[in-house]
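A short write-up of the structure that comes next.
The values are calculated or read from the model by the stated rules, or taken from the named source; none is laboratory data. Worth saying up front: this structure is predicted, and the values here are computed from it rather than measured. All Cβ positions, glycine included, derive from the backbone under ideal geometry; neighbour counts span all protein chains shown.
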Amino acid sequence: MEIKIGTKEGVTVVEMCGRLDGSTSPQAQEQLLPLADSKCCMVLDLKECDYISSAGLRVLLMIAKQMTARGAECALANICDEVKDVMEMTGFSDFFKSFDDVAAACKTVRKKEEL
């Protein structure tokens with residue numbers, strides 16, 4: 001798994017490339033949880049993430065809970081059909097707002113931050 005962290009229009013954008021599974025979720029957790037504790041909103045771009053396991057879902061849930069606890073917004077963008085199916089079957093899609101592209105996700109989380 002490769003994780004690229006940047007900003008777009010004042011929002012932290014995290015590109016996740018590869019599989020988010022038991023072997024890569026510790027790396028993702030180590031890199032993403034500090035971002036979830038910071039004072040920014042976040043968009044997870046899953047365009048290049050073609051697989052997610054229960055360990056990967058756990059990392060996403062931890063991020064969502066931390067961000068919600070401090071009143072910040074986290075959204076997902078560019079979810080492939082396979083990952084979307086897993087998230088819907090497990091109920092994880094209820095924890096995140098999902099968008100077809102990063103720009104729309106950034107616009108929404110930025111609006112929430114401004115309120």
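Scanning the range 64-73 for residues that are surrounded by 14 or more Cβ atoms within 10 Å (Cβ to Cβ) and in a helix (DSSP H, G or I) returns ALA64, GLN66, MET67.
Could you say which residue among LEU44, LEU61, LEU33 is surrounded by 17 or more Cβ atoms within 10 Å (Cβ to Cβ) and either out of contact with any Phe, Trp or Tyr (no Cβ under 6 Å at 6 or more places or on another chain) or modelled with pLDDT of 90 or more (or both)? Being surrounded by 17 or more Cβ atoms within 10 Å (Cβ to Cβ) and either out of contact with any Phe, Trp or Tyr (no Cβ under 6 Å at 6 or more places or on another chain) or modelled with pLDDT of 90 or more (or both) holds for just one of LEU44, LEU61, LEU33, which is LEU44. If I ask for residues that are loosely packed, with under 15 Cβ neighbours inside 10 Å and touching a residue at least 12 places away in the same chain (Cβ under 8 Å), which ones from the range 87-97 would you list? Within the range 87-97, THR90 is the sole residue that qualifies. The set of residues in the range 1-55 that are of a type in the set (Asp, Glu) and over 19 Å from SER98 (Cα atoms) comprises GLU2, ASP21, GLU30, ASP37. The condition (being under 14 Å from the mean Cα position of the chain (by Cα) and closer than 14 Å to MET16 by Cβ) is satisfied by just one residue among ALA75, ALA64: ALA75. Is there a residue being closer than 24 Å to LYS107 by Cα, part of a helix (DSSP H, G or I) and aliphatic (A, V, I, L, M) anywhere in the range 38-47? Scanning the range 38-47 turns up no residue that is closer than 24 Å to LYS107 by Cα, part of a helix (DSSP H, G or I) and aliphatic (A, V, I, L, M).
To keep it simple, each residue is scored yes or no on (1) out of contact with any helix residue (DSSP H, G or I) (no Cβ under 6 Å at 6 or more places or on another chain); (2) surrounded by 15 or more Cβ atoms within 10 Å (Cβ to Cβ).
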| position | (1), (2) |
| --- | --- |
| GLY6 | yes, no |
| MET16 | yes, yes |
| ALA75 | no, yes |
| ASP85 | yes, no |
| ALA105 | yes, yes |
